[in-house]
Amino acid sequence: MDVTIRELAGWLKGMDDIAVFGHRAPDGDACGSCVAVTLALRALGKRACAYLPGGMPEFLRFLPGQECVVADASAPFVPQCALSVDVSAPDMLGDNRALFESCPQRAVLDHHESNPRFGQINHVEPDRAACGEIALLLIEALGAPLSKDMAACLFAAVSSDTCNFNYSNTTAETFEAAAACVRAGADVDEITGRIYRTRTEARTRLLGLSLAGLQREGKVAWARVTNDMFHNAGALRCDTERIVNYLIEIEGVEIAVLAIEQEDGCSAKFSLRSLAPYNVARDVALPLGGGGHERAAGITIHRPLREALDLVLARVREIL
């Protein structure tokens, strides 16, 4: 059932022992939104924690609220209420899917157009650039004062899903949400500096290795990140964040594909980007079991890297 943001807030006010779930391989929007909502629930006296598969990525661990995050350790309590935030589909919950589905009460807060509404109640706004925008509205509807820590997390969320307000999904409402965060104390220089202007040496080496092997076919560019590359660079899985942006920024490229070999060597994760008029969520990701947004989507395919890449590129060629 679809509900308004106020109805969702009212529902949450009647709950306790709340688990806030983000998606696997959590990005800035998932991390920032989940932690901010968890902090707001705690401010109302609720017992709440944020479940992020694998924990907070290394490059986001400067954000406040780390004490709210549960990675792979035992839960601090048995959740009775589940709220998924920025999760486009149940599979994106990763290893936490069973826990989410075991909760007697389940809700969804999201902005992906492909979301199948997998909660008992759902609030989905596909026109929002970032889930952080909707998380801010939820915090306001809950009546929790927007603290400096919540504001920092939400600014990181909104900035991340708009590539620091550079993407076409950025709206007046996006800037209004960011402004509210800055008024509440979010440090723009620190947040954007850590996310966009700071890289570990390992992350930089991984970027170089992946881009050295980029390939181009007309309007399409693609690159691979293999397990050997992770090993040789000494890089983490989260270090692939934003590599795909370098591909879509190539002049004349309108669809970009980054293929990331998974640790088992038998599956691959894909990050997709596009320019108008191409809808990579609807026309590439969804038919292959993934999802996302019109211009940014993702898929995991349970085949070896080369086979999986051939499958994705075949689909891309069809829409071109």
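The values are calculated or read from the model by the stated rules, or taken from the named source; none is laboratory data. Source: prediction; values computed, not measured. In this analysis, Cβ positions are derived from the backbone assuming ideal geometry, glycine residues included, and neighbour counts consider all displayed protein chains. In case anyone asks, the SASA skips ligands and DNA or RNA and just uses the protein heavy atoms, side chains included. Shrake-Rupley method; radii C 1.70, N 1.55, O 1.52, S 1.80 Å.
Miscellaneous remarks
- Close pairs from the range 56-73: first within 11 Å of Cys31 (Cβ to Cβ), partner of a type in the set (Val, Ile, Thr) and open to solvent by less than 10 Å² (accessible area, probe 1.4 Å), Cβ under 6 Å, at least 6 apart: Gly65/Val35; Cys68/Val35; Cys68/Thr38
- Look at (1) without any contact (Cβ under 8 Å) to a residue 24 or more places away in the chain; (2) touching a Gly at 6+ places or on another chain (Cβ under 8 Å); (3) part of a helix (DSSP H, G or I) and you find that Cys31 fails only one, number (1).
- Within the range 87-112, considering residues that are assigned to a loop (DSSP other than H, G, I, E, B) and aliphatic (A, V, I, L, M), the one farthest from Gly22 (Cα to Cα): Ala89
- For the residues Ala186, Ala144, Ala151, the requirement of being in contact (Cβ under 8 Å) with a residue 12 or more places away in the chain, assigned to a helix (DSSP H, G or I) and among the hydrophobic types (A, V, I, L, M, F, W, C) singles out Ala151.
- Residues satisfying the stated conditions in the range 180-202, i.e. β-branched (Val, Ile, Thr) and in contact with a Ser or Thr (Cβ under 9 Å, 6 or more places away or on another chain): Val188, Ile191, Thr192, Ile195
- Qualifying residue in the range 160-179 (condition: touching a residue at least 24 places away in the same chain (Cβ under 8 Å), exposed (fewer than 14 other Cβ atoms within 10 Å of the Cβ) and touching a Pro at 6+ places or on another chain (Cβ under 9 Å)): no
- In the range 5-26, the qualifying residues are those that are surrounded by fewer than 22 Cβ atoms within 10 Å (Cβ to Cβ) and under 23 Å from Asp161 (Cα atoms), and the one that is modelled with the highest pLDDT is Ile5.
- In this entry, Ala297 is excluded by the filter for residues that are open to solvent by less than 40 Å² (accessible area, probe 1.4 Å) and assigned to a helix (DSSP H, G or I).
- Screening the range 64-121 for residues that are open to solvent by 10 Å² or more (accessible area, probe 1.4 Å) and among the aromatic types (Phe, Trp, Tyr) and picking the one that is modelled with the lowest pLDDT gives Phe77.
- Test: residue in the range 261-272 that is open to solvent by 10 Å² or more (accessible area, probe 1.4 Å) and of a type in the set (Gly, Ala, Ser): yes
- Filter result for Val316 (open to solvent by less than 10 Å² (accessible area, probe 1.4 Å) and part of a loop (DSSP other than H, G, I, E, B)): no
- When residues of the range 34-55 are limited to those that are free of Cβ contacts under 8 Å to residues at least 40 places away in the same chain and outside any loop (DSSP other than H, G, I, E, B), the one most open to solvent (accessible area, probe 1.4 Å): Arg42
- Pairs, first polar (S, T, N, Q) in the range 232-251, second open to solvent by 20 Å² or more (accessible area, probe 1.4 Å), C-beta under 7 Å, six or more apart: Asn232/Leu209; Asn245/Cys163; Asn245/Arg273
- Whichever residue in the range 189-204 is within 20 Å of the chain's Cα centre (by Cα) and of a type in the set (A, V, I, L, M, F, W, C) and, among such residues, is surrounded by the most Cβ atoms within 10 Å (Cβ to Cβ): Ile191
- Residue list for the range 199-228, restricted to those being of a type in the set (S, T, N, Q), without any contact (Cβ under 8 Å) to a residue 12 or more places away in the chain and not in a strand (DSSP E or B): Thr204
- In the range 230-247, residue farthest from the chain's Cα centre (by Cα) [restricted to those that are surrounded by 13 or more Cβ atoms within 10 Å (Cβ to Cβ) and more than 15 Å from Lys269 (Cα to Cα)]: Asn232
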